């Protein structure tokens, strides 16, 4: 599947954090990450974050970030930390492009699998993860706070011979300080 809305991916930068904080609040409400949490994540070892911007042919200067995603590599598996897409741009394939970048990065660093937690009531995310082959492992009771919402734990096994994902997009370059 290809995105129905064309985006370009680039490393997430500290200058993006005010926009990410606004999206976090809009997307995740009371469980949104704060500026400090995001800044700490962005600078932590083993973390890798990416931003999605719209591709506009006649726009001058930088485009506004419309999505972001990140993961953590512990030396064995990667853990998806977050995927967020501006509500105005949801259901256009941008989440799949971001997830593909995370899976590709997981393969690049030699991870054996990709793990994640997802709210049990997030039907759109559950459908996307299922499309990519993630399997449900278990449930974490009251994982999302302060809402007391359960989370499914999910896993995608990575093999050397499997394609990265259904969606192929431009590679995201490494950047100093982005693990």
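The values are calculated or read from the model by the stated rules, or taken from the named source; none is laboratory data. Source: prediction; values computed, not measured. Please note: Cβ atoms are built from the backbone with ideal geometry, for glycine as well, and neighbour counts cover all protein chains shown.
Numbers at a glance
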item: Verdict on residue 52 being touching a strand residue (DSSP E or B) at 6+ places or on another chain (Cβ under 6 Å) and either more than 23 Å from residue 131 (Cβ to Cβ) or buried (at least 16 other Cβ atoms within 10 Å of the Cβ) (or both); result: yes
item: Residue in region 98-109 that is surrounded by 13 or more Cβ atoms within 10 Å (Cβ to Cβ), farther than 22 Å from residue 55 by Cα and at pLDDT below 90 present; result: no
item: Any hit, region 85-93, residues being modelled with pLDDT of 95 or more, within 20 Å of residue 118 (Cβ to Cβ) and outside any helix (DSSP H, G or I); result: yes
item: Test: residue in region 134-143 that is in contact with a strand residue (DSSP E or B) (Cβ under 9 Å, 6 or more places away or on another chain) and closer than 22 Å to residue 19 by Cβ; result: no
item: Residue within region 14-21 that is in a strand (DSSP E or B), surrounded by fewer than 21 Cβ atoms within 10 Å (Cβ to Cβ), touching a residue at least 24 places away in the same chain (Cβ under 8 Å) and out of contact with any helix residue (DSSP H, G or I) (no Cβ under 8 Å at 6 or more places or on another chain) present; result: no
item: In region 129-158, the residues that are within 10 Å of residue 119 (Cβ to Cβ), part of a strand (DSSP E or B) and over 19 Å from the mean Cα position of the chain (by Cα); result: 149, 150
item: Number of positions in region 94-123 that are within 16 Å of residue 152 (Cβ to Cβ) and assigned to a helix (DSSP H, G or I); result: 2
